[in-house]
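Inspection log for the structure reproduced underneath, given as structure tokens.
The values are calculated or read from the model by the stated rules, or taken from the named source; none is laboratory data. No experiment lies behind these values; they were computed from the predicted model shown. Cβ placement follows ideal geometry from the backbone for every residue including glycine, while neighbour counts extend to all protein chains displayed. These area figures cover heavy atoms from the full protein model, side chains too; ligands, DNA and RNA do not enter into them. Shrake-Rupley method; radii C 1.70, N 1.55, O 1.52, S 1.80 Å.
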Amino acid sequence: MQPRYTSVVAPLPSTVPFVGPEAQERMRGVVFKARIGANESVFGPSPKAIAAMRQAAAECWMYGDPENYDVKVALARELGLSSANIAVGEGIDALFGYTVRLFTEPGDAVVSSFGAYPTFNFHVAGHGGRLLTVPYVENREDPASLLEAVRRERPKLVFFANPDNPMGSWWPAHAVQALIDGVPMDTVLVLDEAYIEFAPPGTAPDLDVSRPNVIRYRTFSKAYGMAGARIAYAIAEASVAQAFDKIRNHFSVTRIAQAGALAALADKAHLATVIEKVARAREMIGAIARANGLEPLPSATNFVAVDCGRDGAYARRVLDGLIAQGVFVRMPGVAPLNRCIRVSAGTEADLAAFAETLPRALADAA
């Protein structure tokens with residue numbers, strides 16, 4: 001006798017979309033000397049956020065506020081919106097899952113870019129959606145191709161990230177606004193802005209919560225350095241934001257995460273310092289890449305995609321060589337993006353380790 005899985009879930013493979021550095025450390029029996037592969041902020045959260053979370057830890061016998069009231073009020077004040085326009089969840093990945101569950105049924109079409117952030121795709125598969133993809137163009141997700149697919153397929157959802165993971169590329173606000181304006185009202189635009197704090201001015205369109213078919217997603221995982229706390233938010237028209245309450249896990253955002261988010265949001269000085277450190281780290285990664293004959297791609301995120309100049313098999317050998325020497329990095333999963341490795345912003349010590357190990361990794365790969 002076997003459990004009776006749903007017809008949607010039964011044929012799916014059991015897959016981990018990102019093998020964590022911890023799993024690799026267990027397999028290798030050695031801790032990485034540089035953890036610069038998961039786009040975490042090695043510069044950490046605000047000291048004020050750490051203090052707030054430490055205090056909240058002593059109070060974690062209590063559930064977190066299931067309405068996330070204080071966090072929503074603080075975000076609304078920061079963004080110049082109403083708290084009714086914000087839904088809070090346990091990381092962007094969870095909010096993507098809730099979004100797919102809200103809008104798609106088995107067989108419904110969903111449009112994305114081939115090679116874009118894969119966790120969204122896992123939610124689509126898990127809810128029985130039919131994923132349709134368009135290619136990247138010149139290392140960027142292509143709004144024109146996405147719009148063409150949307151008009152042809154009339155999908156329930158279309159996914160677009162600005163800035164983009166895994167390539168670090170971005171579009172200016174006017175191009176994103178053209179995509180927003182072009183998406184028909186019966187398709188919801190899932191606009192992932194997880195890296196928006198690192199992007200140059202003029203990347204994000206003005207926040208307009210009048211359109212019920214546009215949902216924007218932001219997080220405390222990247223610039224605020226709280227990836228392990230799992231807290232993020234969606235910005236949407238009020239009725240859409242409220243719809244998340246139909247299905248979300250109301251106690252999933254912990255009391256500790258809520259306290260940390262409030263303190264992090266208030267510490268503007270720390271956020272500015274992190275953004276400056278990330279910009280310097282991107283320059284260092286680029287310099288290291290060029291010194292080894294590789295091409296760093298322009299980035300508006302806290303990582304740099306480095307073009308290894310050949311195919312995915314060669315880039316994989318480079319990545320494996322770095323990991324064998326104790327430097328954790330990742331790479332895009334599909335061709336032609338997988339000709340690159342992806343290196344997260346690190347400390348000076350992290351990037352010194354990258355600079356030291358890259359020449360040998362390249363020599364071994366060749």
If each DSSP helix of 4+ residues adds -39,500 (n - 2.57) and the sum is divided by the residues in the chain, what number results at 222 nm, nearest 500 deg cm²/dmol? -12500 deg cm²/dmol
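Step by step: find N for region 212-255, compute 2.2 N^0.38 Å, then divide the Cα radius of gyration by it. What's the final number?
Details: Rg = 11.8 Å, N = 44, 2.2 N^0.38 = 9.3 Å.
After normalising by residue count via 2.2 N^0.38 Å, the value is 1.28.
Using the Kirkwood formula on the Cα atoms of region 125-184, what hydrodynamic radius do you get, in angstrom to one decimal? Walk me through the numbers before you get to the answer.
Numbers: mean 1/r = 0.0811 Å⁻¹.
When all Cα pairs of region 125-184 are included, the Kirkwood radius is 12.3 Å.
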Quick one: Debye curve from the C-alpha atoms of region 64-113, no solvent, what's log10 I(q)/I(0) at q = 0.19 Å⁻¹? -0.75
Stokes-Einstein D for region 1-50, Kirkwood Rh over Cα pairs, 4 °C, 1.567 mPa s (µm²/s): 87
Lys/Arg Cβ at +1, Asp/Glu Cβ at -1, dipole of region 245-302 taken about the Cα centre: which of Thr301, Ile288, Ala264 is farthest positive-ward? Ala264
Take the cross-link list Lys156/Lys246; Lys156/Lys222; Lys222/Lys268; Lys72/Lys156; Lys48/Lys268; Lys72/Lys222 and give me the ones stretching past 22 Å between alpha-carbons. Lys156/Lys222; Lys72/Lys156
Phe114: accessible area at probe 1.4 Å, nearest 10 Å²? 100
Please work out how much length the chain gains when fully extended from Phe18 to Ser82, using 0.36 nm per residue of separation minus the C-alpha to C-alpha distance, in nm with one decimal. 19.5 nm
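Per the 1.4 Å probe, what fraction of the accessible area of the chain, in percent, lies on carbon and sulfur atoms?
Values: 8910 of 16240 Å².
With neighbouring chains kept in place, the figure for the chain is 55 percent.
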In Å, what Rg and Dmax follow from the Cα atoms of region 164-213? 11.4, 31
Ignoring ligands and nucleic acids, what accessible area does Asp65 show with a 1.4 Å probe (Å², nearest 10)? 60
Based on Cα positions only, what radius of gyration and what Dmax would you give for region 216-366, in angstroms? 18.9, 56
Take the Cα atoms of the chain, find their three principal axes, and give me the spread along each one in whole Å, biggest first. 57, 56, 51
Toy charge model, Lys and Arg Cβ at +1, Asp and Glu Cβ at -1: the chain dipole around Cα centroid in debye, rounded to 20, equals 640
When only the heavy atoms of the protein chains count and the probe is 1.4 Å, how do Leu351, Leu132 rank by accessible area, highest first? Leu132, Leu351
Report Rg(Cα)/(2.2 N^0.38 Å) for region 15-138, keeping two decimals. 1.38
Kyte-Doolittle mean at least -0.5 and Cα axial length at least 24 Å: DSSP H helices in the chain: 268-291, 348-365
Calculate, axis by axis, the spread of Cα positions in region 155-267 along the three principal axes, and write the results as whole Å, longest axis first. 40, 34, 24
What base-10 log of the normalised intensity I(q)/I(0) is obtained for region 90-219 from the Debye formula, alpha carbons as equal point scatterers, at q = 0.12, 0.13, 0.23 Å⁻¹? -0.39, -0.46, -1.65
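Counting heavy atoms of the protein chains only and a 1.4 Å probe, report the per residue accessible area for region 1-110 as a whole number of Å². Present the calculation step by step, with values, prior to reporting the outcome.
Values: 6510 Å² over 110 residues.
For region 1-110, the per-residue accessible area is 59 Å².
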Order by protection proxy (mean Cβ within 10 Å, highest first), peptides 24-35, 232-243, 144-155: 232-243, 144-155, 24-35
Which percent of Cα-Cα pairs in region 202-303 sits in each 10 Å bin, short to long? 12, 30, 33, 18, 6, 0
Considering only the chain, what is the antiparallel percent among its DSSP beta bridges, to the nearest 5? 50
Residue-normalised value, i.e. accessible area per residue, for region 255-300 at 1.4 Å probe, in Å², stands at 45
